[in-house]
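Contents: one structure, followed by commentary.
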Amino acid sequence: MIVTTDQLFKVAYGKFAIGAYNINNMEQTLGLFQGNVESQAPFILQISRGARKYANVKMMEAMIRAAEEIFPEAIFAVHLDHGDEETCYDCIDSGFYSSVMIDASHHPFEENVAITKRVVEAAHAKGVSVEAELGMLGGVEENIKVDEKHASLTDPDEAKAFVEQSGCDSLAVAIGTSHGAYKFSGSQGLHFDRIAEIQKRLPGFPLVMHGSSSVPQEEVARINAAGGKLAGAKGVDEDQFAKAYPLGVTKVNIDTDGRLVWTRVHREYFRDEPEGFDFRKPGKIYVAEYAKFIAHKNQKLGSAGKLEMVRQALS
Ligand code: G3H
Ligand code: 13P
Ligand code: ZN
């Protein structure tokens, strides 16, 4: 069942975080639904502009509608990840999305407010909610690359002013994470003091943590042992999610980890079966492994086992 992102946030705020997982293809979609149903977790399925281009917008929607039928127990929201203004309007008008993210964080504050406000007006008129971003995460997203020197943490006072002026429904905050498989160069880590300061100024308001993949070292080692070259990849300590959700982090974005599962499964499969060429064989393994990964992640986010609680809150 597709629900609104706000409905999920209301149930989760302060108690657990909702996993927001990116999808790009059929195998990932099947594994995602399977893992969430097996772990009895509500979730957010998110689609980036890159994914919309790669898989075709119509194909994405058809896959999700089909998965909804195959897994009737699932409760989830559909979200546009890192949208520009034009794509936000497209998704709002489609009637399919629960929420959109307008990512105007690379603009100066006033312009970010103005762009976000326009999207909020259009979205709210159609019952769609809006995630905005303030501060600058490091890493690569779509066509924008931000090195750690230029990444900047979200200012708590600005966050409060931004939410009040823009009318957004949730806020992606820069608190030390970055996108991709190479996070935390040097001694950087999550800035819990900063999250606490933001929560103080915005009590009850859902915060979003991007760049939350944990880049498991075992996964990286297996990829490298099977011919990969991911030297020095590292991510967020997944045990820290339990410290983040009491501070208002209600949505946790994970994409890279799913790509690592795909890479490990396929590299190992073709290393061990050099004569193989039936893509359904590694595909089947990937669906099962991705489902296992999702179920594990939901344990760490505290969302595992919360499906019934959400169902009751919605009824
Ligand atoms: O934050 C970016 C997400 O990981 C989506 O990545 O734009 O390559 O689909 P993508
Ligand atoms: P990762 O690259 O850490 O998976 O972050 C994904 C993300 O923030 C999607 O918006
Ligand atoms: Zn992101």
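Along the chain, the exposed loop sites are trypsin sites (Lys or Arg not before Pro) outside DSSP states H, G, I, E and B with at most 16 other Cβ atoms within 10 Å, and the longest stretch free of them is 16-125.
Here the chain is treated with +1 on each Lys and Arg Cβ and -1 on each Asp and Glu Cβ, and its dipole about the Cα centre works out to around 600 debye. With the dipole of the chain worked out from charges on the C-beta (+1 for Lys and Arg, -1 for Asp and Glu) around the Cα centre, which of 5, 313, 286 lies farthest toward the positive end? After comparing all options, I get 286.
Pairs exceeding a 26 Å alpha-carbon distance, out of 229/292; 200/251; 229/251: 229/251. Note down the net charge around residue 279, summing +1 for each Lys or Arg and -1 for each Asp or Glu among other residues with Cβ under 13 Å from its Cβ. Local charge sum for residue 279: 0.
Between 212, 202, 230, whose Cα lies farthest towards the positive end of the dipole of region 183-236 when Lys and Arg beta carbons carry +1 and Asp and Glu beta carbons carry -1, centred on the Cα centre? Positive-most Cα among the choices belongs to 202.
Cα-Cα over 29 Å: which of 243/306; 15/284; 183/300; 10/117; 53/126; 15/234? In this structure, 15/284 lie more than 29 Å apart at Cα. If you add up the charges near residue 91, with Lys and Arg at +1 and Asp and Glu at -1, over every other residue whose beta carbon is less than 14 angstrom from its beta carbon, what do you get? With Lys, Arg at +1 and Asp, Glu at -1, the neighbours total -4.
Values in this text are rule-based calculations from the coordinates and carry no lab data. It should be emphasised that the depicted structure is a prediction, and the values quoted were computed from it without experimental measurement. Because the Cβ atoms are built from the backbone with ideal geometry, glycine has one as well, and the counts that use them run over all protein chains shown.
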